[in-house]
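Undergrad: Got a structure here, written out as structure tokens. Questions coming.
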Ligand code: URA
């Protein structure tokens, strides 16, 4: 059968700063998914979109076409509301781990379809795979059964191959053609998967700062606004929180070490910033799902073991040995403070790249990751430090990587003179509804 359009005309339309018609968008996404449009042609179109943008109606149509490239899930049969969270990615961002069981502890089901890390940002699935036996590949029936079980009520797994397959192909292409950091393409990529997943409510954690896609507040705001509008128009109760990613979250950036830190949070301890962000996002997820809870009540569920019980059941339901010792890397190296003073900056991107070089992350989608590798931080902005104390400890199974990690950490922090008054900024910067 003859194709409806010539792809060269579609590329030319966007190259010349014109608006793509609904039919052009539907066709090009479908034809690319079918393999009729070649990767080099789709790369040219993605670059034209990157350079010339898309209007709101084009973005909405592009998102719908990506959803229609695959299946739509639905959780109507559960009989309880569903609420999901998506983070645009950062360094030390382990929030999904304590958050999903925490929200589930209040009876709201959490269908958390997660990804793997690429570059300096970690991936939830890589972190959880450091738990022996834990499995991220579930069928739709297994996902539903887990969400239906009142003792579990949450699932953290990989998106199946039929969920927005156009995005899977396009994201891989954008990754190798410098077209990732583009608001219309990020917004449609994220929201096509989330809308197709069928959640009732969605909280977007849009990271801002050196360790995030969006380095500037105005770009992050635009991305958040675009995604909230796409979700709302599709009937998903969507809220975005702009949150700080200028410095890593918590005191660890690496796979097994982030699971350990998350378990500390679920046991009622853990670093304050991780606890505060987990609680803030849980409050929003419960509210958006129509089951509002006060902040104190949500904090109490971390303190009294309700969230921990759900975590244990969640890990066990997916084959994980929740009591197993998590792996450690074989080699460590301390990085010492050279002066006394107050830490006023610790750069998220530099720490993320160091963790990646130590083996915690991957350069290509098919590379393996080291479970024990990463960076443990002993000081964060606002802390007093003393000359000679360890500021961080680097962990790896491949010690020949220490020099490359140390290279990127050169200049990654500032220490101001003793007595300097310094208070870190808030973790939640702004809410967009
Ligand atoms: N995460 C996604 O799923 N897609 C993007 O484009 C960027 C981040």
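The values are calculated or read from the model by the stated rules, or taken from the named source; none is laboratory data. Computed from a predicted structure; not experimentally measured. With ideal geometry, Cβ positions are generated from the backbone for all residues, glycine too; neighbour counts draw on all protein chains shown.
Undergrad: Surrounded by fewer than 18 Cβ atoms within 10 Å (Cβ to Cβ), more than 10 Å from the ligand (Cβ to nearest atom) and over 24 Å from residue 44 (Cβ atoms): is that true of residue 211 in this structure? Show your work before the answer.
TA: On the way: surrounded by fewer than 18 Cβ atoms within 10 Å (Cβ to Cβ): no; more than 10 Å from the ligand (Cβ to nearest atom): yes; over 24 Å from residue 44 (Cβ atoms): yes.
So residue 211 fails the test.
Undergrad: Would it be correct to say that residue 267 is in the same structural domain as residue 88 (by TED's automatic domain parsing), without any contact (Cβ under 8 Å) to a residue 60 or more places away in the chain and more than 11 Å from the ligand (Cβ to nearest atom)? Spell out how you get there, then give the answer.
TA: On the way: in the same structural domain as residue 88 (by TED's automatic domain parsing): yes; without any contact (Cβ under 8 Å) to a residue 60 or more places away in the chain: yes; more than 11 Å from the ligand (Cβ to nearest atom): yes.
Judged against the criteria, residue 267 is a match.
Undergrad: List the number of the failed condition for residue 355; all other conditions in (1) part of a loop (DSSP other than H, G, I, E, B); (2) surrounded by 23 or more Cβ atoms within 10 Å (Cβ to Cβ) hold.
TA: (1)
Undergrad: Can you list the strands (runs of 3 or more DSSP E) lying wholly within region 71-180 that have 3 or more residues being farther than 24 Å from residue 246 by Cβ and more than 13 Å from the ligand (Cβ to nearest atom)? Don't jump to the end; show me each part of the working.
TA: Values: elements: 83-87, 110-114, 154-158.
Strands (runs of 3 or more DSSP E) meeting the threshold: 110-114, 154-158.
Undergrad: Okay, next question. Within region 23-49, which residues are exposed (fewer than 14 other Cβ atoms within 10 Å of the Cβ), in contact (Cβ under 8 Å) with a residue 12 or more places away in the chain and in a helix (DSSP H, G or I)?
TA: Across region 23-49, the qualifying residue is only 23.
Undergrad: Looking for something buried (at least 23 other Cβ atoms within 10 Å of the Cβ), over 18 Å from residue 270 (Cα atoms), in contact with a helix residue (DSSP H, G or I) (Cβ under 7 Å, 6 or more places away or on another chain) and in contact (Cβ under 8 Å) with a residue 12 or more places away in the chain - is there at least one such residue anywhere in region 301-322?
TA: In the first step, residues of region 301-322 are kept if they are buried (at least 23 other Cβ atoms within 10 Å of the Cβ); the result is 301-302, 307, 310-311, 314-315.
From the residues that got through so far, the ones that are over 18 Å from residue 270 (Cα atoms) too are 314-315.
Filter once more, keeping what is in contact with a helix residue (DSSP H, G or I) (Cβ under 7 Å, 6 or more places away or on another chain): 314.
Going one step further and asking which of them are in contact (Cβ under 8 Å) with a residue 12 or more places away in the chain, we end up with 314.
Looking for residues that are buried (at least 23 other Cβ atoms within 10 Å of the Cβ), over 18 Å from residue 270 (Cα atoms), in contact with a helix residue (DSSP H, G or I) (Cβ under 7 Å, 6 or more places away or on another chain) and in contact (Cβ under 8 Å) with a residue 12 or more places away in the chain, one finds at least one in region 301-322, hence yes.
Undergrad: In region 51-70, how many are surrounded by 17 or more Cβ atoms within 10 Å (Cβ to Cβ) and in contact with a helix residue (DSSP H, G or I) (Cβ under 7 Å, 6 or more places away or on another chain)?
TA: So the first thing to find is which residues in region 51-70 are surrounded by 17 or more Cβ atoms within 10 Å (Cβ to Cβ), and the list is 54, 58-70.
Now drop any that are not in contact with a helix residue (DSSP H, G or I) (Cβ under 7 Å, 6 or more places away or on another chain), which leaves 54, 58-63, 65-67, 69-70.
Within region 51-70, residues that are surrounded by 17 or more Cβ atoms within 10 Å (Cβ to Cβ) and in contact with a helix residue (DSSP H, G or I) (Cβ under 7 Å, 6 or more places away or on another chain) number 12.
Undergrad: Would you be able to tell me the number of residues in region 191-202 that are out of contact with any strand residue (DSSP E or B) (no Cβ under 6 Å at 6 or more places or on another chain) and within 10 Å of the ligand (Cβ to nearest atom)? Outline the logic, then answer.
TA: Step one: of region 191-202, the residues out of contact with any strand residue (DSSP E or B) (no Cβ under 6 Å at 6 or more places or on another chain) are 191-193, 195-196, 198.
Still in the list and also within 10 Å of the ligand (Cβ to nearest atom): 191-193.
Selection size over region 191-202: 3.
Undergrad: Pull up region 214-228, narrow it to residues that are touching a residue at least 40 places away in the same chain (Cβ under 8 Å) and surrounded by fewer than 18 Cβ atoms within 10 Å (Cβ to Cβ), then point me to the one that is nearest to the ligand (Cβ to nearest atom).
TA: Once the filter is applied, the top-ranked residue is 225.
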